[in-house]
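Since the structure comes first, as structure tokens, the remarks are kept for the end.
The values are calculated or read from the model by the stated rules, or taken from the named source; none is laboratory data. This is a predicted model, so every value here is computed, not measured. Reconstructed Cβ throughout: ideal geometry from the backbone, glycine too, with neighbour counts over all protein chains shown.
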Amino acid sequence: MDAEHRRRIANNERTFEQVNYTVGAVGTAGGEGLDADGYGPASYDCECAGTCGAIMRLTPLEYEHARSNLAWFAYGPAHRVSAAEEVVESHASHWIIARSPT
Ligand SMILES: [Zn+2]
């Protein structure tokens, strides 16, 4: 994992923490695209090893789920997957990819 890749994942984790702290400031009850806790989606960087620059819109629950396994990463939808990577789940907003340790 190179420095740019690490930076993007750290950035996503910061976004995730900020969204969790801003209760009430993100989304409004009954709004569109909110998860079970009433949070709206935030912008996350694609976590692929390349520099595609894709931005995904995930709710906190979706991002938390995508990172619930250490081998899983959140990629942009229909992202090119290499032989060392496997699609675990495909959603309209993002895919969850399992990456074999290298
Ligand atoms: Zn990507």
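A few remarks follow.
- Selection count where residues are out of contact with any Leu (no Cβ under 8 Å at 6 or more places or on another chain), within 15 Å of the ligand (Cβ to nearest atom) and among the polar types (S, T, N, Q), scope region 49-94: 3
- Among the residues examined, residue 19 does not qualify as more than 30 Å from residue 85 (Cα to Cα), touching a helix residue (DSSP H, G or I) at 6+ places or on another chain (Cβ under 9 Å), surrounded by 11 or more Cβ atoms within 10 Å (Cβ to Cβ) and modelled with pLDDT under 85.
- Filtering region 52-73 to residues that are in contact with a helix residue (DSSP H, G or I) (Cβ under 8 Å, 6 or more places away or on another chain) and more than 16 Å from residue 39 (Cβ to Cβ) leaves 72, 73.
- When residue 36 is tested against (1) assigned to a loop (DSSP other than H, G, I, E, B); (2) of a type in the set (A, V, I, L, M); (3) at pLDDT 90 or above, only condition (3) is not met.
- Considering the conditions (1) at pLDDT 85 or above; (2) of a type in the set (Asp, Glu); (3) out of contact with any Cys (no Cβ under 9 Å at 6 or more places or on another chain), residue 85 is excluded by exactly one of them, (3).
- Taken over region 84-102, the criterion of being under 19 Å from residue 2 (Cβ atoms) and out of contact with any strand residue (DSSP E or B) (no Cβ under 6 Å at 6 or more places or on another chain) is satisfied by 84, 100, 101, 102.
- Subset of region 41-51 (residues that are outside any strand (DSSP E or B) and modelled with pLDDT of 90 or more): 46, 47, 48
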